[in-house]
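What follows is one structure encoded as structure tokens, with my remarks underneath.
Rule-based calculations on the coordinates, nothing more; no lab input. Because the structure is predicted, anything quoted here is derived from the model rather than measured. Backbone-built Cβ (ideal geometry, glycine too); neighbour counts: all protein chains shown.
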Amino acid sequence: RHSVNRPPTPDTRNDQEKEPTLKEIINIKLIESGEKERLMELLRERLVESGWKDEMKSLCREYIKKKGRNNVTIDDLVHVITPKGRGSIPDPIKAELLQRIRTFLVSAAL
């Protein structure tokens, strides 16, 4: 409610949206330094080496076979496979990436 005698209270959410979050700052630094692309390439390599990529391909093929080739869209596959894919990334790969990110943050003094 707005009072006739006083201006409306400023919306504090607008002020917060202007300031980048720590996550956004880190993402910007990763992109600017080229480290994000290097991390993505490392992740791709490790997922192929571990057999994860082949496992995801197999899950996609099974789903398409089950539903019928003409009854499946890319969005369907993404919706079904994404949770399984994220949950099945090997822990050593996650740990290696996390360590690389930590090392980057220390070297970038964030």
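Below is a table of values for the structure above.
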| read-out | value |
| --- | --- |
| Per-pair calculated FRET efficiency, R0 = 35 Å: Leu42 and Arg69 via Cβ, rounded to 0.05 | 0.55 |
| Those residues of segment 70-101 whose amide nitrogen sits under 20 Å from the label point placed on Ser33, 7 Å along Cα→Cβ | 94-101 |
| Gain on full stretching of the segment that runs from Leu98 to Glu62 - 0.36 nm per residue minus C-alpha separation | 9.8 nm |
